[in-house]
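Chemist: Here it is, the structure, as structure tokens.
The values are calculated or read from the model by the stated rules, or taken from the named source; none is laboratory data. Because the structure is predicted, anything quoted here is derived from the model rather than measured. Note that we place each Cβ from the backbone using ideal geometry, even for glycine, and neighbour counts take in every protein chain shown. When the accessible area is computed, the model is the full protein with side chains, heavy atoms only, and any ligands, DNA or RNA have been set aside. Shrake-Rupley method; radii C 1.70, N 1.55, O 1.52, S 1.80 Å.
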Amino acid sequence: MKKAENIIVGISIGDLNGIGSEVVLKTFNDSRMLELCTPVIFANVKVMSFIKKTLEFETPLHGIDQLDQVVLGKVNVLNIWKEGVDLNFGKNDDAVGKYAIKSFVAATKALKENKIDVLVTAPINKYNIQSEEFKFPGHTDYLDKELEGNALMLMVQDNLRIGLLTDHVPVNEVAKHLTEKLIFQKIETIKHSLIQDFGINKPKIAVLSLNPHAGDNGIIGKEDDEIVKPALKKLFEKGTLVFGPYAADGFFGSGQYEKYDAVIATYHDQGLIPFKTLSFGNGVNYTAGLNKIRTSPDHGTAYEIAGKGIADYNSFKEAVYLAIDIYNSRNEYQEISKNPLKTKEKQL
């Protein structure tokens with residue numbers, strides 16, 4: 001297993017007009033972070049130095065042109081482009097969006113080629129990244145195409161983990177997407193992630209209902225009775241500890257979520273609203289289900305405060321911590337899985 005500081009954390013820089021660069025620089029301004037990993041920012045060292053100077057940060061930057069030039073214990077900036085970039089903090093700019101995607105695509109390639117160990121993505125603007133070459137709603141969809149496995153958005157803050165059956169789907173189309181096959185796939189994905197990435201041997205998973213009051217026996221919709229319940233029953237009979245569907249309105253307020261290792265919401269806001277309310281700005285978006293590790297902060301570009309030096313960097317810092325923890329957990333899981341005797345010795 002690698003020494004902590006030898007874990008290479010690749011960072012895609014996101015929208016340069018947003019708060020991404022600020023939270024990255026603030027995170028690694030603390031030299032203790034370099035005892036946990038070696039960061040590589042996929043951007044341009046002159047641009048990052050300009051932002052650092054503008055925001056009056058002290059973060060030392062080390063420019064490199066190739067990944068084999070990475071220096072352990074330094075904040076490395078890999079020059080993905082050479083030219084300067086006109087920045088206008090807080091503004092939506094299609095030209096800046098192209099640099100966000102250059103950074104992200106290059107970092108993903110390095111992740112696929114094992115040149116970095118994990119990827120942490122700074123926020124992008126989903127509107128200014130679109131082009132003929134990049135037609136994806138965001139990070140997750142591109143990673144799902146480029147990497148092995150089935151991507152699942154899992155929001156994490158300590159022991160609170162909320163996954164989604166459907167993510168960027170309009171509310172009026174959620175019911176159409178809800179199938180037994182989808183439920184099986186998402187629950188198996190989250191179950192495997194809880195075992196492999198979080199070290200939970202027999203995870204307990206709760207599923208929220210699509211309709212209010214879980215449909216009230218079909219009075220407020222039939223999907224929970226006809227699709228969700230039968231699917232969960234089949235999974236439970238096969239040994240997966242999955243429970244529900246639970247009415248979503250009182251599930252979090254009553255603290256019921258604390259009994260489970262993960263909760264699966266049926267659609268985006270059903271899961272994200274309680275998560276962001278409970279996580280207090282320390283949440284992390286983890287893309288579970290893939291053969292590589294990617295995390296990101298749980299916020300967007302925050303144009304309204306960009307360039308002011310007041311952005312809270314805790315979510316980004318937590319994203320780095322979680323990526324490292326999952327990297328170590330996966331290594332340990334693979335080691336134990338390779339050698340059954342080790343598992344036996346651990347239990348004795």
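Chemist: Determine if the stretch 66-89 includes at least one residue that is under 30 Å from Ala4 (Cα atoms) and among the small types (Gly, Ala, Ser).
Modeler: Yes, because at least one residue in the stretch 66-89 is under 30 Å from Ala4 (Cα atoms) and among the small types (Gly, Ala, Ser).
Chemist: Please name all residue pairs, on different chains or six or more residues apart, with Cβ atoms under 6 Å, provided the first residue is in the stretch 80-100 and is closer than 13 Å to Ser21 by Cα and the second residue is outside any loop (DSSP other than H, G, I, E, B) and open to solvent by 30 Å² or more (accessible area, probe 1.4 Å).
Modeler: Between residues of the stretch 80-100 that are closer than 13 Å to Ser21 by Cα and residues that are outside any loop (DSSP other than H, G, I, E, B) and open to solvent by 30 Å² or more (accessible area, probe 1.4 Å), the close pairs are Gly90/Tyr303.
Chemist: Would you tally the residues in the stretch 99-152 being of a type in the set (A, V, I, L, M), in contact with a Gly (Cβ under 6 Å, 6 or more places away or on another chain) and not in a helix (DSSP H, G or I)?
Modeler: The qualifying residues number 7.
Chemist: Ok, one more. Which residue, of Lys222, Lys229, is charged (D, E, K, R), without any contact (Cβ under 8 Å) to a residue 60 or more places away in the chain and under 28 Å from Gln196 (Cα atoms)?
Modeler: Within the list Lys222, Lys229, the selection yields Lys229.
Chemist: Between a residue in the stretch 205-219 that is touching a residue at least 40 places away in the same chain (Cβ under 8 Å) and farther than 7 Å from Ala247 by Cβ and any residue that is in a helix (DSSP H, G or I) and basic (Lys, Arg), which pairs come within a Cβ distance under 9 Å, given they are 6 or more apart or on different chains?
Modeler: Ile205/Lys191; Ala206/Lys259
Chemist: Restricting attention to the stretch 180-194, and to residues there that are of a type outside the set (Gly, Ala, Ser) and open to solvent by less than 40 Å² (accessible area, probe 1.4 Å), which single residue is nearest to Lys259 (Cα to Cα)?
Modeler: Restricting to residues being of a type outside the set (Gly, Ala, Ser) and open to solvent by less than 40 Å² (accessible area, probe 1.4 Å), the top hit is Leu194.
Chemist: Still on this model: Sort out which residues of the stretch 198-228 are open to solvent by 70 Å² or more (accessible area, probe 1.4 Å) and either closer than 21 Å to Val169 by Cβ or out of contact with any strand residue (DSSP E or B) (no Cβ under 8 Å at 6 or more places or on another chain) (or both), and write them in order of number. Show your work before the answer.
Modeler: Step one: of the stretch 198-228, the residues open to solvent by 70 Å² or more (accessible area, probe 1.4 Å) are 201-202, 204, 212-213, 217, 219, 222, 226.
Within the stretch 198-228, Asn201, Pro212, His213, Asn217, Ile219, Lys222, Glu226 meet the criteria.
Chemist: A further question follows. When the stretch 55-96 is examined, which residues are found to be assigned to a loop (DSSP other than H, G, I, E, B), of a type in the set (A, V, I, L, M) and open to solvent by less than 80 Å² (accessible area, probe 1.4 Å)?
Modeler: Hits for the stretch 55-96 are Leu55, Leu61, Val70, Val71, Val75, Ile80, Val85, Leu87.
Chemist: Right, something else. Determine, yes or no, whether Asp158 is open to solvent by 10 Å² or more (accessible area, probe 1.4 Å), among the acidic types (Asp, Glu) and on the phi > 0 side of the Ramachandran plot.
Modeler: Yes, satisfied.
Chemist: Need at least 1 residues that are buried (at least 20 other Cβ atoms within 10 Å of the Cβ) and among the acidic types (Asp, Glu) per element, so show me which helices (runs of 4 or more DSSP H) inside the stretch 238-348 make the cut, counting only ones lying wholly within it.
Modeler: The helices (runs of 4 or more DSSP H) meeting that bar are 314-338.
Chemist: Can you name the number of the only condition in (1) assigned to a loop (DSSP other than H, G, I, E, B); (2) in contact with a helix residue (DSSP H, G or I) (Cβ under 8 Å, 6 or more places away or on another chain); (3) of a type in the set (D, E, K, R) that Lys52 fails?
Modeler: Unmet condition: (1).
Chemist: Another question, if that's okay. Applying the selection to the stretch 202-237, what residues are outside any helix (DSSP H, G or I), over 26 Å from the mean Cα position of the chain (by Cα) and either under 21 Å from Pro274 (Cα atoms) or not β-branched (Val, Ile, Thr) (or both)?
Modeler: Selection gives Asn211, Asp216, Asn217, Gly218, Gly221, Lys222.
Chemist: Just name the residue that is surrounded by the fewest Cβ atoms within 10 Å (Cβ to Cβ) out of those in the stretch 1-54 that are among the small types (Gly, Ala, Ser) and modelled with pLDDT of 95 or more.
Modeler: Ser49
Chemist: Moving on to the next point. Looking at the structure I just gave you, is Leu272 under 24 Å from Glu173 (Cα atoms), out of contact with any Ser or Thr (no Cβ under 9 Å at 6 or more places or on another chain), touching a residue at least 60 places away in the same chain (Cβ under 8 Å) and aliphatic (A, V, I, L, M)?
Modeler: Taking the combined requirement at face value, the residue satisfies it.
Chemist: Quick check on my filter: what residues within the stretch 114-130 are open to solvent by less than 40 Å² (accessible area, probe 1.4 Å) and under 20 Å from Leu16 (Cβ atoms)?
Modeler: Across the stretch 114-130, the qualifying residues are Leu119, Val120, Thr121, Ala122, Pro123, Ile124, Asn125, Asn128, Ile129.
Chemist: Quick one: in the stretch 20-61, which of the residues that are under 19 Å from the mean Cα position of the chain (by Cα) and of a type in the set (Gly, Ala, Ser) is farthest from Asn92 (Cα to Cα)?
Modeler: Ser21
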